[in-house]
Amino acid sequence: VLHGETGYLVPQGDMPAFAAHLAELLRDAALRRRLGARARDFVREGFGMARIGARWLELLQGVHATGAPPARMLWQAEG
């Protein structure tokens, strides 16, 4: 969740903040739709099959090119 873009994050146990964001979402249908659409797009872009497939292909090409173990390539790419 990207705070204010795809939803809201509140500190654990902060019920007043949770209630405030919930009340805001209940009052504002356009905000709900906007956050929902952005969240859907964020997930599709970051975790969709095309992205995951491309990431696996990149990982396997790196393993093939370097001979490095897959886990090592993954951590280097992420890091």
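Observations on the model:
- Shape analysis of the range 1-52 yields a ratio of the Cα radius of gyration to the Kirkwood radius, Rg/Rh, of 1.08.
- Net length available on complete extension from F47 to R33 is 3.0 nm, with 0.36 nm assigned per residue and the Cα-Cα distance removed.
Read the figures in this text as sums done on the coordinates, not as results from a lab. Treat the numbers as computed from the prediction; the structure is a model and nothing was measured.
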